[in-house]
Structures are given as C-alpha cells and as structure tokens.
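Structure first, then comments.
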Number of protein chains: 2
Amino acid sequence: MLKLTKKADYGLMALKYLAEHPETAALSAKDIADAYGIPAQLLAKILQQLTKAGLLRSHAGMNGGYALSREAREISAYEVIHAIDGPFFITSCTKGSKSCELTPSCTIKEPLARVNETIAGVLKSISIQDLTEQEHPAGHAQEASRLIFLTL
Amino acid sequence: MLKLTKKADYGLMALKYLAEHPETAALSAKDIADAYGIPAQLLAKILQQLTKAGLLRSHAGMNGGYALSREAREISAYEVIHAIDGPFFITSCTKGSKSCELTPSCTIKEPLARVNETIAGVLKSISIQDLTEQEHPAGHAQEASRLIFLTL
DNA sequence: GCAATATCCGACTGGTTCAGTCCGCGTTTA
DNA sequence: TAAACGCGGACTGAACCAGTCGGATATTGC
C-alpha cells in the first residue's frame, strides 16, 4: 500500500532523464524507453499525460519528441505524480462522499487529512533537479527530511 | 493513489473507539462495527490481525472482545497500518527485486526512499491518542506538521 | 509528393488486489 | 449445554493496474 504506480515511477524517471540531457532539443518516447528498458508505448502515454498537464512540450514528426517546459528545478515530484495518478488522498472517502455522511463515523479523517497535506508538502518540496543530484550534496530534499526528523 | 486501504481505515477507527472507551473491559467486534456501521465480519478479521501484531488483547467467550494492549499514546498510526497492510514502500520495486537490477535504471529510488522514510516518520509520530483529540489542542501531530511546513 | 518518424488517442486484455461474505472450528461463560 | 465470542481459511465480485494493439494526425527529409 501507499506506493506509487509504475506509471508515476516511469514519469519521474523520464523527467529525470530529460533533465540530464538538456543539450538535446527533444527526446522521443522510444529513446527514453530504451534507455530504461520500459515499454515504449506505455511511456508514450505517460508522456502525453505530462504534456497535457503542461510539464512537457511535445513536437511531432521526425526528430521530434519531448522536452521539459520549465527548468528542472521548477518542476516538483508532486506535479508529476498528480498529473499521472490524479489527486491523491490518504483518506478513502473524500469530502462530499456519501458513505461518510450517513455514518458520522469518520472523526479520524481530520488528523489523517493533516498527514495527507504533510506528505503532499514533502513531495512538493522535491524537484526533478533534486532527483538528478543522486549524491548527498545537501539538496533541498535531504535537508528538509533531516529537519523533519529533528522536529518529530 | 497513495491512499490507505479501507481495512487500515477501519483499524484506526476501531482503535480510536477502544481508546475512547477505556472503562469497559472489552468490546466485541460487533459492538465496534455497529457503532460505525461497517461490516462486522470484516472488522473482526482486522481486529484479529491487530491482535496478532500485539496491538490488541483478545478474550474469547461471552462478554469477551478486544482491548488495547498498551496505552493509546503508545500506539502509533504507523504500527496499525503496518500490521494491516504490511510494510509499505513508495517505490514500486523494493530492494532485491530483479526487475531493477537488470536495468540500472532506478537512480530515482534513493530520493524516493527518503520520502518514504519521512512519511513513515510522520505516521510514527501520530498516536491513537492523537486521533481521539479531534479538537485543536496542540497535539503532537499538529505541532509536528506545522514545524514541517516551516522548514520546507 | 512520398515515406519515415513522431505524437496522439481510444479500446482492449490479463493479472492482481481489495472489499466483503460464508462457513466451520475452538474457547469461554452463564 | 448452549449462547456469545474470537479464530482462520476459502471464496466471489468488482475495481484497478500494466501493458498491448490499431489507427489517426502532424512534421520532416529526400
């Protein structure tokens, strides 16, 4: 449970790959898929979703492909996941669902909603750029999580 | 995506209910299920899992049922979720899986593993007791998440 | 213009997981 | 002894995920 779908994984990998190859004008879905050994057609659909969400710019035709629409530092992991898997909620019933109004049961939801926001905040603080800096050099992400642990 | 299973939800609700009724020696699965309007047989299985995990104490026979095996403050949401849904990982391939060793693809995993730990840390910091204090009175959880947002 | 290379998009399938149910067994107490 | 309760395996239907197929459209190079 609580795991990313493979699609979201692939999406993050693809964006990271694009961030690592800024010199090329555009990379095709097949290029990226081959680099990681993932199904090309599946990745293609994912990249289409990311394009529709405005995270990528696409270009059809020969030598076409995809490129980041913003700087890698300006794209958060949260945006990627959200674009692919849709809005996520830890609570199984979102506000407005009937199942919870009938039974005044879910007093649990309030604290969990706060957890949800916390997780979203963490994901928003991590950029594609952070993913490319696989080594320790005190990126945003690492500092943040260290601080979090100190405060808990 | 990234949502708790209903089972985990039910488990948290049940523990919260038990924490709110410390005077009674034991509550049956049916009692709790009726209180929240959830399927009794399903809840029963969940409570059994929590018992096996050591979070609850069970007592068979008439007037039997379940009771917390520790103080509500000493039981974390993480333990409950872990007991019901098993260990969770954000990354789709855990360490040791073959699919990732073949392709040296997953340089993404390291940062995501850190996110995973962060989330686990947040869940560990929330106790059943915190769930019962639905109002604001500056419980652990709230303070923690406020600090997190400041640091990010 | 034509063919190759791309993105784009809907439909489909097989597999897995989740939610929930059924049923029989062991245990405790009145 | 019978009722109330926990225990645990097996099963079903529904939903979702991963991946594939097929075709339409756009762009480029020759």
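The values are calculated or read from the model by the stated rules, or taken from the named source; none is laboratory data. Note that this is a predicted model, so its numbers are computed, not measured. Quick reminder, even Gly has a Cβ in these numbers, built from the backbone with ideal geometry, and neighbours come from all protein chains shown. SASA here: full protein model, heavy atoms, side chains in, ligands and nucleic acids out. Shrake-Rupley method; radii C 1.70, N 1.55, O 1.52, S 1.80 Å.
Chain pair A, B: how much accessible area is buried, both chains summed, with a 1.4 Å probe, in Å² to 100?
4700
Taking amide H positions as placed 1.01 Å from N in the peptide plane, with prolines and chain starts having none, which residues 5 or more places from A:LYS3, or on another chain, fall under 5 Å of its amide H?
Residues meeting the amide H criterion: B:LEU2.
Kindly give the distances from A:ASP34 to its copy-mates, label point to label point, with each label point 7 Å from Cα along Cα→Cβ, as nm values to one decimal ordered shortest first.
Spelled out, the distances from A:ASP34's label point are 6.8 nm.
When we measure straight from the Cα of B:LYS52, which aspartates and glutamates land under 15 angstrom away, once same-chain ones fewer than 8 places off are left out?
B:GLU79, B:ASP85
Enter the mean number of other protein chain beta carbons within 10 Å of the beta carbon of each residue in A:125-132, as an integer.
Taking all residues of A:125-132 together, the mean is 3.
Which values, in whole Å and largest first, are the semi-axes of the equivalent ellipsoid of the stretch A:13-80 obtained as the square root of 5 times each eigenvalue of the Cα gyration tensor?
The equivalent ellipsoid of the stretch A:13-80 has semi-axes of 16, 13, 12 Å.
Along Cα-to-Cβ, 7 Å out, sits the label point; list in nm, shortest first, how far the one on B:ARG73 is from those in the other copies.
Computed spacing set for this position: 4.5 nm.
Taking H as built 1.01 Å from N, whose amide H comes closer than 5 Å to the amide H of A:ARG70, not counting residues under 5 places away?
Residues meeting the amide H criterion: none.
Placing a label point 7 Å from Cα toward Cβ, how far apart in nm is B:PRO87 from its equivalents in the other copies, listed shortest first to one decimal?
3.4
Just to check I understand the Karplus step: with θ = phi - 60° and J = 6.51 cos²θ - 1.76 cosθ + 1.60, what whole-Hz values come out for the stretch B:114-131, glycine and proline as x?
5, 4, 4, 5, 4, 4, 4, x, 5, 5, 5, 7, 9, 9, 4, 4, 4, 5
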